[in-house]
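Since the structure comes first, as structure tokens, the remarks are kept for the end.
The values are calculated or read from the model by the stated rules, or taken from the named source; none is laboratory data. No experiment lies behind these values; they were computed from the predicted model shown. Please note: Cβ atoms are built from the backbone with ideal geometry, for glycine as well, and neighbour counts cover all protein chains shown.
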Amino acid sequence: MHVQEWLETIPAVSIYLLVGVVIGLESLGIPLPGEIVLVSSALLASQHGDIDPWVLGACATAGAIVGDSVGYAIGRRGGRPLLGMLGARFPRHFGPAQIAMAERSFQKWGMWAVFFGRFVALLRIFAGPLAGVLRMPYWKFLVANVLGGILWAGGTTAVVYSVGVVAEAWLKRFSWLGLVLAVLVGVTSMLVLRGRAKKAAAEAERDGLPAGAAAD
């Protein structure tokens, strides 16, 4: 069943909770399709007056900020052993190459890696836990987390909702297009990041360091 068609079968309150929980869990470090759920929900809100886009955006933003904060706390407490455990459970997302790439991003950009990472599928999963593992000062993390969460979650909701309202006459076609574009953007981001991750791991190994220890 199409994601948006499935969302149409559940009450508005459940959609708010679903969006907040899925985005929160994704931000915490669990690979979930938060962006697709948010885009689908925003498109649905533009069709149905019982779904308030302001509440939807607020729930998405809250989920993003809280999820990242919990991920930071878990990463700070669990340290590098946590990355090893996640790598064993989710090797495609938390493998040595992906960790090396993320650590290099944090080395280069610092708190901006948390802010801009919100807009990139793989870094959106990594940002909170890795910031905690790398002991980023919490106030820096919090500023980047809050600003990034508001801009990504709130901005995505506003843009998709507005486009949906303007394009009401052909909204059903656009809903498919919107999801296809979201998937294509996500897949492209993953492929680009995977290439960069492999390059980062190779450079770390060439320097004589374990791939997951590039930031030590």
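Restricting the range 1-28 to residues that are surrounded by fewer than 16 Cβ atoms within 10 Å (Cβ to Cβ) and of a type in the set (S, T, N, Q) leaves a set whose member that is modelled with the lowest pLDDT is THR9.
The helices (runs of 4 or more DSSP H) found entirely in the range 63-120 that carry 1 or more residues being basic (Lys, Arg), surrounded by fewer than 22 Cβ atoms within 10 Å (Cβ to Cβ) and modelled with pLDDT of 70 or more are 96-109.
Among the residues examined, ARG135 qualifies as more than 30 Å from SER46 (Cα to Cα) and among the charged types (D, E, K, R).
Output yes when any residue across the range 51-62 is surrounded by fewer than 18 Cβ atoms within 10 Å (Cβ to Cβ), at pLDDT below 85 and either outside any helix (DSSP H, G or I) or among the charged types (D, E, K, R) (or both), and no when none is. No, there is no match, as no residue in the range 51-62 is surrounded by fewer than 18 Cβ atoms within 10 Å (Cβ to Cβ), at pLDDT below 85 and either outside any helix (DSSP H, G or I) or among the charged types (D, E, K, R) (or both).
Each residue in the range 124-167 was checked for being surrounded by 15 or more Cβ atoms within 10 Å (Cβ to Cβ) and either outside any helix (DSSP H, G or I) or of a type in the set (Val, Ile, Thr) (or both), and 11 pass. Please give the number of the condition PHE174 fails out of (1) surrounded by 21 or more Cβ atoms within 10 Å (Cβ to Cβ); (2) modelled with pLDDT under 85. The number of the failed condition is (1).
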